[in-house]
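Nothing in this text is a laboratory measurement; each read-out follows from the coordinates by a stated rule. Bear in mind that the values here come from a model prediction, so they are computed numbers and not experimental data. Counting neighbours? That spans all protein chains shown, and the Cβs are built from the backbone with ideal geometry, glycine included.
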Amino acid sequence: NTLDYLTREELNHKPVALLATAGGGKGGINCLNNMRTVMRGFYANVIPKQIILDPDCFDYEDGTLLEESRDLVAKLVDELNMYVKMSHTLIVPRE
């Protein structure tokens, strides 16, 4: 489990985006809610936007995401990048 190897120093005040794939939306939302709590324990700043990709978000013939799902993921990454840029302007290193 990756979480076993993370420390607070690695995630402290860093923006984090959450995305889940699940057999149905309810399982994904429960996972994301719990992961949001776990990330708070690492002092990470979880961004408000989150995505759950259900089985109907994928094109199984060519192994890709459907266009609408790709757009959702791209918007999530864009929002994460926005928070990363904001965090660089807000965090002043201590001397």
Using beta carbons and a limit of 8 Å, which pairs, at least six apart or on different chains, have the first residue in segment 37-62 and at negative phi and the second one outside any helix (DSSP H, G or I) and loosely packed, with under 11 Cβ neighbours inside 10 Å? Phe42/Thr7; Asp54/Gly23; Asp54/Gly24; Pro55/Gly23
When you scan segment 52-69, do you find a residue that is under 21 Å from Leu6 (Cα atoms) and more than 14 Å from the chain's Cα centre (by Cα), even just one? no
